[in-house]
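As structure tokens, the structure follows; a few thoughts come after it.
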Amino acid sequence: MTSVRAYTATSAAGPLAPGVIERRDVGPKDVRIDIHWAGICHSDIHTVRGDWGPVPYPLTVGHEIAGVVAEVGPEVTRYRVGDRVGVGCMVDSCRECDNCRAGREQYCLAGFTDTYNGTDRDGGVTQGGYATGIVVDEHFVLRVPEAIPFEKAAPLLCAGITTYSPLRRWNAGPGKKVAVVGMGGLGHMAVKIAHAMRAEVTVLSQTLGKREDGLRFGADHYYATSDPTTFKRLANTFDLIINTVSAPLDLDAYLALLSFGGTIVSVGAPPEAVPVTLFTLFENQRSFAGSKIGGIAETQEMLDFCAEHGIAPEVEIIPAERINEAWERVLSSDVRYRFVIDTATLDAA
Ligand SMILES: [Zn+2]
Ligand SMILES: [Zn+2]
């Protein structure tokens, strides 16, 4: 075992605090990574606050990880010491089920192993990326292309792939009208990626407050959903709507914006059930779908796509001592558009 510095939650309500956590020894197929950057995802906060179920404290969260390979096991073939790599929401899966064999590890029928608050192969609880190091099986390690600024790479491992996967699956591209609901960490990446795929992109945000940003990121249109005329004006318009909002939405109102054969895909969700009037689906043969992160091969494809198209998230770099403050700002939507922790500051914490 090796000890690494980390910022850790010890209760649902209390602040995260600096400390030390253990990482397993490097196994034959493991890669030990010195973490340089760790993104802050809203899921980290939901998990620690117990919104998604009971949590075995102490828990270190973080599933947007960018770092440098520090050691490899004897059977590792894909990475060498010094490589720039990333780790996202998964660190293991069964590798044997139909979904794993098809490269859809995120839908592993046995359940994938979450990067934090998951059950590790040794029966322990996995600990995430708000730390100076991590040990991960090479299958779940991604290569970060040189063209991606290193400090901006981490959020791609969750926010990037979560939006890339449904945009690919539902064929965002030339001639397609794509709407993105919400302009937060996920939404701003959806806009950039859909634009790079050459779709016609519309942002549907509560207000016009981030309109300038949205247009700069590649949106062609920007509408406020607080304006009721928006829904009249845009009825029967979109081929694809990516819903990144985790608060409850009036889904019927959004479904009515889909043109023939259109699909709304939710990647954010409230914990409770959401009502849908099925008659809204009958019109235009509409579909209502969901999507969860992306497979490992697809995540690599996304990183390479972002490198090729010069896409990276908008980030605000913070030292570890500002993590608690950053969480409060995430909860009040006061972030443009992703916080990234400089983990070098953990050594001093
Ligand atoms: Zn996330
Ligand atoms: Zn599986």
Q. Given Gly27, Gly82, Gly73, which one is away from ligand 1 (no atom under 15 Å from the Cβ), modelled with pLDDT of 95 or more and on the phi > 0 side of the Ramachandran plot?
A. Gly82
Q: Answer yes or no: is there a residue in segment 127-138 that is part of a helix (DSSP H, G or I) and either within 16 Å of ligand 2 (Cβ to nearest atom) or at pLDDT 95 or above (or both).
A: yes
Q.
Suppose we keep only residues that are of a type in the set (S, T, N, Q) and over 18 Å from the mean Cα position of the chain (by Cα) within segment 327-349. Which one would you say is modelled with the lowest pLDDT?
A. Ser332
Q: Give Glu314, Glu308, Glu301, Glu283 a once-over and let me know the one that is of a type in the set (Asp, Glu) and closer than 19 Å to Val181 by Cα.
A: Glu314
(Q) Take residues that are in contact with a Lys or Arg (Cβ under 9 Å, 6 or more places away or on another chain) and either surrounded by 13 or more Cβ atoms within 10 Å (Cβ to Cβ) or in the same structural domain as Lys177 (by TED's automatic domain parsing) (or both) and tell me which of the strands (runs of 3 or more DSSP E) falling wholly in segment 245-344 contain 2 or more. (A) 258-266, 315-318, 338-342
**Q.** segment 309-325 residues that are over 13 Å from Phe150 (Cα atoms), paired with ones that are part of a helix (DSSP H, G or I) (beta carbon under 6 Å, 6 or more apart)
**A.** His309/Ala196; Ile318/Ala326; Pro319/Thr345; Ala320/Thr345; Ala320/Leu346
Q: Can you give me the number of residues within segment 268-302 that are in contact with a Leu (Cβ under 6 Å, 6 or more places away or on another chain) and within 16 Å of ligand 1 (Cβ to nearest atom)?
A: 1
Q: Select from segment 60-118 the residues that are among the acidic types (Asp, Glu) and in contact (Cβ under 8 Å) with a residue 24 or more places away in the chain and write down the one among them that is nearest to ligand 2 (Cβ to nearest atom).
A: Glu105
Q | Lone qualifier among Glu64, Glu96 - being away from ligand 1 (no atom under 16 Å from the Cβ), in the same structural domain as Leu16 (by TED's automatic domain parsing) and charged (D, E, K, R) | A | Glu96
Q) Which of the residues belonging to segment 51-78 are of a type in the set (Val, Ile, Thr), in a loop (DSSP other than H, G, I, E, B) and surrounded by fewer than 19 Cβ atoms within 10 Å (Cβ to Cβ)? A) Thr77
Q: Take Thr202 and decide whether it is farther than 28 Å from Thr113 by Cβ, in contact (Cβ under 8 Å) with a residue 12 or more places away in the chain and in contact with a helix residue (DSSP H, G or I) (Cβ under 7 Å, 6 or more places away or on another chain).
A: no
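The values are calculated or read from the model by the stated rules, or taken from the named source; none is laboratory data. Predicted, not measured: the structure shown is a model, and the values here were computed from it. No Cβ is skipped: glycine too gets one built from the backbone with ideal geometry, and neighbour counts run over all protein chains shown.
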